[in-house]
Amino acid sequence: MIGGLLLILWGAMWLVAGWTAQRMGLKLPRWREWTPYFLLLAGVVIIWLGASSAHAQTVRIPDVSARLRLQVEQASAEEWGVDSSPARLAAQLHQESVWNANAKSPAGAEGLAQFMPATGRWLSAKFPQLGPYDPWDPAWSARAAAVYDHWLLTRNPGRGACSNWAFALSAYNGGESMLRREQALAQANGRDQLRWFDNTADYRVRSTSAFQENRAYVKRILLTLEPAYVAAGWGGKAVCT
């Protein structure tokens, strides 16, 4: 990043010097006329690459994720086949529990995917292929999260894959009823209720703390964690880039 700034500074100095020379009536070689622009462009590219790399490096991927990677890949593939993104499911599990299969929240959410017991038992009943509710089994949690995501995706369409996933994740975190009410509020204010970012995401019907948690949940999974897992070699591609 420092190197990029130095190139931009150097290019700007050359550019000013060139303009000064031309105003004095001096004829510059062709290469001298273009060099400042190449320096400026190179500086911008270096800064952009550095910023992208730094963004990915802000996420520390726990070592335990490698031991659970096969279960996550299988769960993702069973729901979406060749279009699956294990990186997206991994990002969600990271956000939920930071890969702690024994996690239990103060509210009572359990396991790798942080299901509330009532939700987990409902999932097992609605989708018998999951088997009995077992939040402490990482393979069950990963499979159940993928099944629930798929179900929420079909029920909460968005304008494009990014919004579709944003709606599904918002519902996973805070419930469909709140999401639907916020979509209705966005529409009532002349915004596109089928788009998430800069539209539905800007409207709130839930408490301030719940609203902030929900928006941060969606944003971090789709814009920070998923790109980081893709960069780390997990399959799939970031849906909101």
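Computed from the coordinates by the stated procedures, all read-outs in this text should not be read as laboratory data. Please read all numbers here as calculations on a predicted model, not as lab measurements. Glycine gets a Cβ as well: all are built from the backbone with ideal geometry, and neighbour counts include every protein chain shown.
Going from the fewest other Cβ atoms within 10 Å to the most, the residues Asp63, Asp134 appear in the order Asp63, Asp134.
Between Met116 and Arg69, what's the calculated FRET efficiency when r is the beta-carbon distance and R0 is 22 Å? Round to 0.05.
Details: r = 26 Å, r/R0 = 1.18.
Efficiency, from the Cβ-Cβ distance: 0.25.
Working out 0.36 nm times the residue gap between Ala184 and Asn102, then minus their Cα-Cα distance, what length gain in nm do you get to one decimal? Present the calculation step by step, with values, prior to reporting the outcome.
On the way: separation 82, 0.36 × 82 = 29.52 nm, distance 3.75 nm.
Stretched out fully, the Ala184 to Asn102 stretch lengthens by 25.8 nm.
Were the residues from Ser177 through Arg155 laid out at 0.36 nm apart, the gain over their Cα-Cα distance would be 6.7 nm.
Straight-distance candidates among the aspartates and glutamates for linking to Lys219, with alpha-carbon spacing under 14 Å and chain neighbours fewer than 8 residues away dropped: Glu96, Asp198, Asp202.
Over every Cα atom in region 88-216, the radius of gyration and the widest Cα-Cα span, Dmax, amount to 15.0, 45 Å.
Normalised by 2.2 N^0.38 Å, with N the number of residues, the alpha-carbon radius of gyration of region 189-241 equals 1.36.
A dipole drawn for region 64-231 from +1 and -1 charges on Cβ atoms has a positive end, and of Pro128, Leu223, Ser141 the residue lying farthest that way is Leu223. Apply 1/(1 + (r/R0)^6) to the Cβ-Cβ distance of Val82 and Thr208, taking R0 = 35 Å, and write down the FRET efficiency to the nearest 0.05. Taking R0 as 35 Å, the efficiency between Val82 and Thr208 is 0.25.
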